[in-house]
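The values are calculated or read from the model by the stated rules, or taken from the named source; none is laboratory data. Source: prediction; values computed, not measured. Every residue, glycine as well, gets a Cβ built from its backbone with ideal geometry; the counts of neighbours run over all protein chains shown. When the accessible area is computed, the model is the full protein with side chains, heavy atoms only, and any ligands, DNA or RNA have been set aside. Shrake-Rupley method; radii C 1.70, N 1.55, O 1.52, S 1.80 Å.
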Amino acid sequence: MAEHSESPIESVMEKISEKIHAHDSSSSDSDSDSEKKPDSPSSVKAKIFRLFGREKPVHKVFGGGKPADVLLWRNKKISASVLGVATAIWVLFELIEYHLLSLVCHVLILSLAILFLWSNAHTFINKTPPRIPQVHLPEEPFLQIASALTFEINRGFAVLRDTASGKDLKKFLIVIAALWVLSIVGSWCNFLTLFYTSFVLLHSVPVLYEKYEDKVDPFAEKVMIEIKKQYAVFDAKVLSKIPVGALKAKRV
């Protein structure tokens, strides 16, 4: 009787243990399945090659404010106006060969003459005298521009100092090549033409890249891989044979 009374209890316990083991095995299977699952689309997207190691959208790279809107043609009227003014200035000073001081003086002469005649002739033509506004330039924008320029100039000096210290031969060659190309471009045109060309490129290249970045980035990746291969060959044949060990030992 004792054996018959204990058998149902043992069977129940065995069923419970089987369920527990089945649950553990299913959970382990689900964990293994989750480990075998491919990466999420976001992680795959993060691994896509972007030009210059860019992780943010192009709009965020340029600051995400109104200057970025102008450069990326978010407001076509403002962008076209800015580019038109820059083109007019370049035509005026480069093609017509007008001088900045002459332009400022002529504009001031014309403005003062019109305002002076209008102020004295308003009684004869029965019109109200002109309201000449009081011009006051705020200090904050100029301080921000000066601070940004100072920061960029100091960063350029830091790059030049780091390059001249002889720590990184690759960076040295890149800086020398960039300065050499810039000197050649500077011999082709003057500073105003170079500035206007850079301004036009800044208003055209980013918006085109943002529009065709899915096609540009794979091509840029292939170019970077080829450049690394060529640099590895150059390093193996030329750079590795330069005796720099003795110089470093002397410095130490």
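For the reader, a short list of remarks on this structure follows.
- Looking across the stretch 70-119, the residues that are over 30 Å from LEU201 (Cβ atoms) and open to solvent by 90 Å² or more (accessible area, probe 1.4 Å) come down to HIS106, LEU108, ILE109, LEU110, LEU112, ILE114, PHE116, LEU117, TRP118.
- Qualifying residue in the stretch 143-150 (condition: under 26 Å from HIS203 (Cα atoms), at pLDDT 90 or above, open to solvent by less than 100 Å² (accessible area, probe 1.4 Å) and assigned to a helix (DSSP H, G or I)): yes
- For the residues LYS66, LYS60, the requirement of being among the basic types (Lys, Arg), closer than 21 Å to TYR196 by Cα and modelled with pLDDT under 85 singles out LYS66.
- Number of the exception - LYS37 against (1) in contact with a Lys or Arg (Cβ under 9 Å, 6 or more places away or on another chain); (2) open to solvent by 70 Å² or more (accessible area, probe 1.4 Å); (3) at pLDDT below 80; (4) not acidic (Asp, Glu): (1)
Residue-by-condition table, conditions (1) in contact (Cβ under 8 Å) with a residue 24 or more places away in the chain; (2) touching a Cys at 6+ places or on another chain (Cβ under 9 Å); (3) open to solvent by less than 50 Å² (accessible area, probe 1.4 Å):
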{"residue": "ILE176", "(1), (2), (3)": "no, no, no"}
{"residue": "LEU179", "(1), (2), (3)": "no, no, no"}
{"residue": "GLY186", "(1), (2), (3)": "no, no, yes"}
{"residue": "CYS189", "(1), (2), (3)": "no, no, yes"}
{"residue": "PHE195", "(1), (2), (3)": "no, no, no"}
{"residue": "LEU202", "(1), (2), (3)": "yes, no, no"}
{"residue": "TYR209", "(1), (2), (3)": "yes, no, yes"}
{"residue": "TYR212", "(1), (2), (3)": "no, no, no"}
{"residue": "GLU221", "(1), (2), (3)": "yes, no, no"}
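- Those helices (runs of 4 or more DSSP H) of the stretch 65-128 in which at least 3 residues are small (Gly, Ala, Ser), considering only elements entirely within it, cover 76-90, 100-125.
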